[in-house]
Amino acid sequence: MNERQEKIVDIISRRAVSTQAELMEELEKAGIHAAQATVSRDIKALRLTRERSGQGRYRYVMPRERAVDVEARLRAIFSQCVTSVDRAQNIVVIKTLPGLASAACAAIDKMSIRTLVGTIAGDDTAFLAMRDDDAAEELVRRIRKLL
C-alpha cells in the first residue's frame with residue numbers, strides 16, 4: 001500500500017466519504033494531489049465498497065476480510081502488551097506493559113472502528129474516546145476476547 005492509499009484508508013475511517021470527488025477533496029486538504037482516474041484505481045486496489053450510512057447516504061468502507069487481517073495483527077499485539085482493559089462511561093482505558101500504550105493505540109486506530117472518536121497514549125496507559133457508552137462496552141468486550 002502506498003502513501004496515498006494509506007491516506008485514503010485513514011480518511012474513510014475518520015469521516016463519511018460518499019463520492020470520488022469528496023475523496024479527492026480530502027486528499028487535496030492532506031496535500032496529496034490525485035486525478036480522478038488515480039483515485040478510482042486506488043479504490044479498486046483497496047477493494048473499497050460503499051455502504052449505506054445512518055443518514056441515508058452512502059460511504060466508502062474497507063472490505064470485511066481486511067478487518068479480519070487487522071484483527072489478527074491486533075490480537076498479536078494485544079496478547080504481548082495489554083495487561084487490562086476497562087471503561088468509564090464512553091472512555092475505554094487500556095493498561096499495557098511500559099512503553100507499549102502507543103502500539104496499542106496504533107493497532108486500534110488501524111481497525112477503522114466507526115464509533116471510535118480518538119485515542120491518546122501515555123507510557124503504559126491508553127485512553128480511547130468512544131461515541132457513546134454502548135460503543136465503549138462493545139469495544140471492551142471485543143478487546144477482552146482478543147486477550
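The values are calculated or read from the model by the stated rules, or taken from the named source; none is laboratory data. Note that the structure is a prediction, hence the values are computed from the model and not measured. Quick reminder, even Gly has a Cβ in these numbers, built from the backbone with ideal geometry, and neighbours come from all protein chains shown.
Taking first residues from the range 84-104 that are touching a residue at least 40 places away in the same chain (Cβ under 8 Å) and within 24 Å of Glu137 (Cβ to Cβ) and partners that are among the aliphatic types (A, V, I, L, M) and part of a loop (DSSP other than H, G, I, E, B), the Cβ contacts under 8 Å between residues at least 6 apart in sequence or on separate chains come to Val85/Leu147.
If you check Glu26 against the conditions, is it among the acidic types (Asp, Glu), touching a residue at least 12 places away in the same chain (Cβ under 8 Å) and out of contact with any helix residue (DSSP H, G or I) (no Cβ under 9 Å at 6 or more places or on another chain)? Before you say what the answer is, go through the steps one by one.
Values: among the acidic types (Asp, Glu): yes; touching a residue at least 12 places away in the same chain (Cβ under 8 Å): yes; out of contact with any helix residue (DSSP H, G or I) (no Cβ under 9 Å at 6 or more places or on another chain): no.
It is false that Glu26 is among the acidic types (Asp, Glu), touching a residue at least 12 places away in the same chain (Cβ under 8 Å) and out of contact with any helix residue (DSSP H, G or I) (no Cβ under 9 Å at 6 or more places or on another chain).
Pairs are defined by a Cβ separation below 7 Å, a sequence spacing of at least 6 or placement on different chains, a first member in the range 1-13 that is of a type in the set (S, T, N, Q), and a second member that is surrounded by 15 or more Cβ atoms within 10 Å (Cβ to Cβ) and not in a helix (DSSP H, G or I); the pairs so defined are Ser13/Ser112. Here the range 81-98 is the region considered, the condition is being surrounded by 12 or more Cβ atoms within 10 Å (Cβ to Cβ) and outside any strand (DSSP E or B), and the residue that is modelled with the lowest pLDDT is Cys81.
Residue by residue through the range 99-125, note down the ones that are outside any helix (DSSP H, G or I) and closer than 18 Å to Arg14 by Cβ. So that I can check it myself, show each step before the final result.
Kept after step one, since they are outside any helix (DSSP H, G or I), are these residues of the range 99-125: 99-100, 110-125.
Selection gives Lys110, Met111, Ser112, Ile113, Arg114, Thr115, Leu116, Val117, Gly118, Thr119, Ile120, Ala121.
For Thr19, state whether it is free of Cβ contacts under 8 Å to residues at least 24 places away in the same chain, in contact with a strand residue (DSSP E or B) (Cβ under 8 Å, 6 or more places away or on another chain), among the hydroxyl-bearing types (Ser, Thr, Tyr) and surrounded by 13 or more Cβ atoms within 10 Å (Cβ to Cβ). Considered against the rule, which asks whether it is free of Cβ contacts under 8 Å to residues at least 24 places away in the same chain, in contact with a strand residue (DSSP E or B) (Cβ under 8 Å, 6 or more places away or on another chain), among the hydroxyl-bearing types (Ser, Thr, Tyr) and surrounded by 13 or more Cβ atoms within 10 Å (Cβ to Cβ), Thr19 comes out as no. Residue pairs whose Cβ atoms lie under 7 Å apart, separated by 6 or more positions or on different chains, with the first residue in the range 109-128 and under 20 Å from Gly54 (Cβ atoms) and the second part of a strand (DSSP E or B), are Thr115/Met130; Leu116/Leu128; Leu116/Met130; Val117/Ala129; Val117/Met130; Gly118/Ala129.
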